[in-house]
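Asker: Right, I'll just put the structure down here and ask away after.
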Amino acid sequence: MVNSYFEEKAEKLLIDADCFRVPVDINKCAAYLNVKVEGLTLEDNVSGFFINKDNSLLIGYNVNESPRRKNFTIAHELAHYVLHAKDSPLFIDKNNYKLYRDTNSSSGEIIKEIEANAFAAALLMPKKLITEKMDSLSEENKNSLIKTLANFFVVSPQAMGIRLVNLGIIDYY
Ligand SMILES: [Zn+2]
């Protein structure tokens with residue numbers, strides 16, 4: 001199941017930014033929104049952050065992450081900007097494992113994280129581009145389909161597997 005508001009908003013942003021193709025160039029999309037993106041040496045458990053300081057917008061990502069994780073982190077931080085910047089000038093993201101074990105997180109924060117992940121998935125793996133790509137593929141099983149699409153879209157197989165379930169393309173992952 002996907003949030004159609006996020007899906008439409010993400011697709012419009014990609015089209016406006018001239019990024020609606022495979023793989024999505026998330027850095028170009030950030031540049032379109034005047035958000036600077038920098039790779040930084042961050043603590044091991046921090047994947048990235050978004051900060052709005054005096055209307056200067058910056059996304060930092062952990063340089064030690066793989067290109068696929070990095071893409072998702074930038075998309076996730078961009079989602080915080082698009083969806084949540086009015087609520088807070090700063091978002092710091094630790095890896096998800098830590099996030100969901102953090103008992104100090106209020107439910108409001110967890111909802112924002114779920115929303116940012118959903119919007120990031122819509123940005124990096126637009127439904128139309130996935131179905132177009134699938135038309136040209138002849139993968140025989142679910143795992144090879146996930147792996148092949150993950151390679152095309154430069155995301156982790158896990159992210160692609162979850163996305164395909166949410167889009168109703170596969171029944172489980
Ligand atoms: Zn976040």
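Please treat every number below as a calculation from the coordinates, not as lab data. It should be emphasised that the depicted structure is a prediction, and the values quoted were computed from it without experimental measurement. All Cβ positions, even for glycine, are placed from backbone atoms using ideal geometry, and neighbour counts span all protein chains on display.
Asker: Could you check what % of the DSSP bridge pairs in the chain are antiparallel, to the nearest 5? The partial results should precede the final answer.
Answerer: Details: 11 of 17 bridges.
Percentage antiparallel, nearest 5: 65.
Asker: Now for a different question. Enumerate the lysines that Lys142 could reach by cross-link, defined here as Cα to Cα under 21 Å, with residues fewer than 8 away along the same chain left out.
Answerer: Lys127, Lys128, Lys133
Asker: By its C-alpha gyration tensor, with a ≥ b ≥ c as the square roots of the eigenvalues, how is the chain shaped: rounded for a/c under 1.5, else prolate for a/b larger than b/c, else oblate?
Answerer: Details: a/c = 1.68, a/b = 1.44, b/c = 1.17.
Since a/c reaches 1.5 and a/b is larger than b/c, the shape of the chain is classed as prolate.
Asker: What is the distance, in nm, between label points placed 7 Å from the Cα along the Cα-to-Cβ direction at Asp54 and at Ser88?
Answerer: 2.4
Asker: Give, rounded to the nearest 20 debye, the magnitude of the charge dipole that the stretch 40-173 has about its Cα centre when Lys and Arg contribute +1 at Cβ and Asp and Glu contribute -1 at Cβ.
Answerer: Dipole about the Cα centre, nearest 20: 140 debye.
Asker: Each residue of the stretch 47-62 in turn: what ³J(HN,Hα) in whole Hz from Karplus with 6.51, -1.76, 1.60 and θ = phi - 60°, glycine and Pro shown as x?
Answerer: Computed from phi, the couplings for the stretch 47-62 are 8, x, 8, 10, 9, 10, 10, 6, 6, 9, 9, 9, 10, x, 10, 6 Hz.
Asker: Of the options Asn141, Cys19, Ile162, report the single residue whose Cα projects farthest towards the positive end of the charge dipole of the chain (beta-carbon charges: Lys, Arg +1; Asp, Glu -1).
Answerer: Farthest towards the positive end: Asn141.
Asker: Starting at the first residue of the stretch 14-30, write each ³J(HN,Hα) from the Karplus equation 6.51 cos²θ - 1.76 cosθ + 1.60 with θ = phi - 60°, in whole Hz, x for Gly and Pro.
Answerer: 5, 5, 4, 7, 6, 10, 8, 7, 9, x, 5, 8, 5, 5, 5, 4, 5
Asker: So what J values fall out for the stretch 68-83 if you push phi through Karplus, 6.51 cos²θ - 1.76 cosθ + 1.60 with θ = phi - 60°, rounded to Hz, Gly and Pro as x?
Answerer: Values per residue, Gly and Pro as x: 5, 5, 4, 4, 5, 4, 5, 5, 5, 5, 4, 5, 4, 5, 5, 9 Hz.
Asker: Same structure again: In degrees, nearest 10, range 0 to 90: what is the angle between the Cα axis of helix 157-166 and the longest Cα principal axis of the chain?
Answerer: Helix 157-166 and the main axis of the chain meet at about 80 degrees.
Asker: With 10 angstrom as the radius, rank Lys86, Lys28 by how many other C-beta atoms surround their C-beta, starting from the fewest. It would help to have the intermediate numbers written out before the result.
Answerer: Working: Lys86 7, Lys28 13.
So the residues, fewest neighbours to most, are Lys86, Lys28.
Asker: What number, rounded to the nearest 500 deg cm²/dmol, is the helix-based mean residue ellipticity at 222 nm of the chain, given -39500 (n - 2.57) per DSSP H run of at least four residues and division by all its residues? Could you put the intermediate results ahead of the total?
Answerer: Numbers: 8 runs with 88 residues, N = 173.
After summing the helix terms and dividing by residue count, I get -15500 deg cm²/dmol.
Asker: Sticking with this one: Using only Cα atoms, locate the centre of the stretch 116-173 and the centre of the stretch 9-86, then give the distance between them in Å, rounded to an integer.
Answerer: The stretch 116-173 and the stretch 9-86 have Cα centres spaced 20 Å from each other.
Asker: While we're here: Could you tell me the relative contact order of the stretch 1-57? Use alpha-carbon pairs under 8 Å, at least six residues apart, and round to a whole percent.
Answerer: Values: 23 pairs, mean separation 11.4, N = 57.
Relative contact order comes out at 20 percent.
Asker: Also, quick follow-up: For the stretch 24-72, what does the alpha-carbon gyration tensor say about shape, rounded, prolate or oblate, given a ≥ b ≥ c as the root eigenvalues, a/c under 1.5 as rounded, and a/b over b/c as prolate? Don't skip to the answer; put the middle values down first.
Answerer: Values: a/c = 2.90, a/b = 1.26, b/c = 2.29.
In terms of gyration-tensor shape, oblate.
Asker: I would also like to ask the following. Using a/c under 1.5 as the rounded threshold, could you call the stretch 102-173 rounded, prolate or oblate? The axes a ≥ b ≥ c are square roots of the C-alpha gyration tensor eigenvalues, and prolate needs a/b larger than b/c, oblate otherwise.
Answerer: On the way: a/c = 2.74, a/b = 2.24, b/c = 1.22.
In terms of gyration-tensor shape, prolate.
Asker: Here is a follow-up. How high is the relative contact order of the chain, in percent, counting Cα pairs under 8 Å that sit 6 or more residues apart? Mind dumping the intermediate values first?
Answerer: Values: 220 pairs, mean separation 43.6, N = 173.
Relative contact order, the chain: 25 percent.
Asker: Mind giving me the FRET efficiency for Asp171 and Thr41? R0 is 41 Å, r the Cβ-Cβ distance, nearest 0.05 is fine.
Answerer: Working: r = 41 Å, r/R0 = 1.01.
The value I calculate is 0.50.
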